[in-house]
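Worksheet: the structure to be examined is printed underneath.
The values are calculated or read from the model by the stated rules, or taken from the named source; none is laboratory data. Note that the structure is predicted; figures quoted are calculated from it, not measured. Reconstructed Cβ throughout: ideal geometry from the backbone, glycine too, with neighbour counts over all protein chains shown. Side chains are part of the model used for accessible areas, which takes the heavy atoms of the whole protein and leaves out ligands, DNA and RNA. Shrake-Rupley method; radii C 1.70, N 1.55, O 1.52, S 1.80 Å.
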Amino acid sequence: MKIKRMTINKVLTAAVLAALFSAAWGTLPVSAEEAAGGAASLQTPAETALSETSGSASVQPGSPAEQPSAEETDTIDHSAESKPIQNIFLKEGEGRPGTEIPYYNERDLTRREWNEVAKIEKEIRILQRERDKFLKDRAREKEDKEKEFAKAFQGRQKYSIVFDPEDYTKKTMDANGEKVSFRAYEHLVYAEKPYEAEHQMLSVYIPEGYFNGETINGFTAETAPIFMPNGVGGYMPGTIVEPQEDSRHGGANSALYALSNGYVVVSPAIRGRSLNSNGYDTGKAPALIVDYKAAVRFVRHNRNKGRIPAGDTEKIIASGTSAGGALAALLGATGNAKEYEPYLKEQGAAKERDDIFAAMAYCPITNLENADMAYEWMFHDASRYYNVRQAPAKKGPGEVQETASEKLIKSRPHNAPAEGVEGIAISPEEKEISAEMRENFSEYLNSLNLRDSLGNKLTLTPDGNGLFREYIESLYLESAQDAIDSGESLKKIPWLTISHGQAVHMDFSKYIKAVKRLKGIPAFDAFDMSSGENNEFGSFDVPNRHFTRYAMEHSKFVTIPTLEEEKELNKEKAAAYRIATPLEKRHLQKYNLIEQMEKDKLEWSQYMADWQTVRMMNPMRFIGLEGISTAPNWRIRHGALDRDTALAIPAMLALKLKNSGKSVDFKVPWGYGHDGDYDLPDLFAWTDRIAKLKDKTDAILKEEALKKAALKEGASEEQTSREESSKAEKTVPIDETSDTSNKAEASAL
Ligand code: DHB
């Protein structure tokens, strides 16, 4: 069902058109104020040729559907700025087909009509000058603001990003009963000109054994993979993940576990949405990903120059949970993408590659542009939600509704949105919104052209059914089956049908009832800008902003027409214009300009993040693009009880990666909610496998290359080749089990 909203724009144009077509020749139409009823009409992105003049085109985030279509831009070209007025006259032969009204020709105009035309043309020119001035002034204001911001950070301290191999402390810790000694090089600023040095530093940890020439878990100082976990949660600043003996899940945390398995660990602190210095916000999007990339570049820069004493920079493995998982996925997806370059340069990051070998994401809160729709697709049937938004919206008029004092559920990850006990009822209006978003999800999903491992196209009908739904259900069923196979009894699970020990069917509605809907409507881009994600998409001087067109259209703080309404209106205008007399045309032109000037007054950047920034936070937008080095290896987990985002989100990510030829290990672990790092032995078994497979493949390739070279260059070279290859074999012990499981994994894709 579509929700129709009559907009100011529509009212305005209807009034103008009515005035025009009832007006006799020579009668001046209604004034702008009368036509607009005194209300502000607002700028919209799909500006048609009718209303467009130089310098005013606004760009939009969101799906391709949100960009102006060819149809929209191909309507009458009426850029008043650059075209001489005569061009709008009907040409010989044009007219009103099927009517008795003759075509219009410049020559047919009476003297009186000519005078009217000239008068309006003059008015139009005056208006255009006014508009140009307004736009220029505003552009200057924006520039001034940016200059002020730059000035505020001009005197910031500069740092060296040269790694000092002598500056370390030796540490020994207990990793699940095993003594692990390592060298810690701590708190090294990874960018030369950071805005927030405290939050832009990393620590490097290297197993002590590598300084004695030891081999650990089959790795040497040269071949050890580099594990790069991030500590980000809730898009807040992430702290360095230091090796820890007693983690939240008991025993060694991921950093210590990695060290005990011979990995070099590099953990960066990362800026987040709440940071503010010199009166400016410094951690808004895309700061988080810029920092993660800068840290990768620091490692490559220093290791490749021999300053960091161990680790293979071709085997960098990123890892994170939730917002941190999203960040690991983003790092993995966007290797060397040039969009981030200006930001990296501004922070003084090393000039290096930033692609990585593998990304591991637990419950990634990602693809935020489309996460609202996905959430409604999954959770539409729920009648209550349990998220308690604690922080009121920081900007805009009106109060954010306080929620009842609720008991909060503890044991949520660090910085995840709060969860209440009582739940809040979903209103009928919210239900309608939810239904519309659900419908929009099908459209988005279908645009991705995802396929399962058999090549079946995974699509959805407008009501949200189809092969993609079946695929999502199969993920839950597989999860249940794994639990059954490991001896758990799932007979009491209300949404599951088990037949002869097989999980054969799930009831989605019952599933939603059982796990409960966490978030309100919309889940991420809140109409009152109160979500953590709204805060993440703020700018240096605006705390919270929208990041989807849909939420902007429904915003509590601003009124804009929907894209559909806009399109409809433009069609009407174009049709009216086509049959208008020369004088009517000028009236239309004038009122379009007036309307546009009203729209100009809305400063979009105060309410909505620009589409480039939104895109830079979405891994889905980079996978499979030419010139991007997306990581070849992926491990993605989303617990079967997780409701922080729809399972569709990580599933689409996994499918898109698989479809573009990446190796993806994607699972929905039974019994887990929104959480991460709960299966470290499995996690590091996987990293061991992919790392060793790479070493083995590299050794074979190297041998082949040397053989070829030797064939070319003669017998003496052949000798070297044999020596080289036997050396490579020595440093890379080949584990039979890892080899076979990798093959199994590869064939399963
Ligand atoms: C996290 C959880 C969320 O539900 C969310 O919207 C953003 C971040 C988190 O745990 O990091």
**Report entry** Accessible area expressed per residue, the stretch 429-496, with surrounding protein chains retained (probe 1.4 Å, Å²)
**Finding:** 52
Requested in this report: Taking only protein heavy atoms into account and a 1.4 Å probe, give the accessible area per residue of the stretch 97-245 in Å².
Outcome: 57
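Just reorder K151, K171 by solvent-accessible area, largest first, 1.4 Å probe, all chains present.
Numbers: K151 140, K171 70 Å².
Final ranking, largest accessible area leading: K151, K171.
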Query raised in the report: Going from most exposed to least, what order do D642, D132 have by accessible area with a 1.4 Å probe?
Result: D132, D642
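Assign one of three labels to the stretch 429-502, namely rounded, prolate or oblate, based on the Cα gyration tensor with a ≥ b ≥ c the square roots of its eigenvalues; rounded applies when a/c is under 1.5, prolate when it is not and a/b is larger than b/c, and oblate otherwise. If you can, show how the numbers build up before the last one.
Values: a/c = 3.63, a/b = 1.62, b/c = 2.24.
Note, shape of the stretch 429-502 comes out oblate.
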Query raised in the report: Considering amide H positions built from the backbone, and no H for Pro or chain starts, which residues 5 or more places from D665, or on another chain, come under 5 Å of its amide H?
Result: W634, R635, I636
**Report entry** Distant-in-sequence amide H partners of S319 (H built 1.01 Å from N, under 5 Å)
**Finding:** M228, N230, M360
Report task. Might you work out the accessible area of R138 for me, using a 1.4 Å probe with all protein chains in place, and round it to the nearest 10 Å²? Result -> 50
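Hey, can you rank 416-425, 612-621 by average C-beta count inside 10 Å, highest first? Write down the numbers at each step before the final one.
Numbers: 416-425: 17.0, 612-621: 20.3.
In descending order of packing, they fall as 612-621, 416-425.
Compute the accessible area per residue over the stretch 266-350, keeping the other protein chains in place, probe 1.4 Å, unit Å².
Working: 1940 Å² over 85 residues.
For the stretch 266-350, the per-residue accessible area is 23 Å².
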Query raised in the report: Normalised by the residues of the stretch 299-374, what does the relative contact order come to in percent, with Cα pairs under 8 Å and at least six apart?
Result: 41
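Determine, for each peptide in 332-342, 479-489, the mean count of other beta carbons within 10 angstrom over its residues, then list the peptides with the highest first. Don't jump to the answer; show the numbers that get you there.
On the way: 332-342: 19.1, 479-489: 15.0.
So the peptides 332-342, 479-489, ranked by packing, come out 332-342, 479-489.
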Report task. Measure off, as a whole percent, the carbon and sulfur share of the 1.4 Å-probe accessible area of the stretch 135-264, all protein chains present. Result -> 45
**Report entry** Cα-centre dipole for the stretch 301-378 with unit charges at Cβ (Lys and Arg positive, Asp and Glu negative), debye to 20
**Finding:** 560
Query raised in the report: Using modelled backbone amide H atoms (1.01 Å from N, in-plane), which distant-in-sequence or interchain residues come within less than 5 Å of N176's amide H?
Result: A252
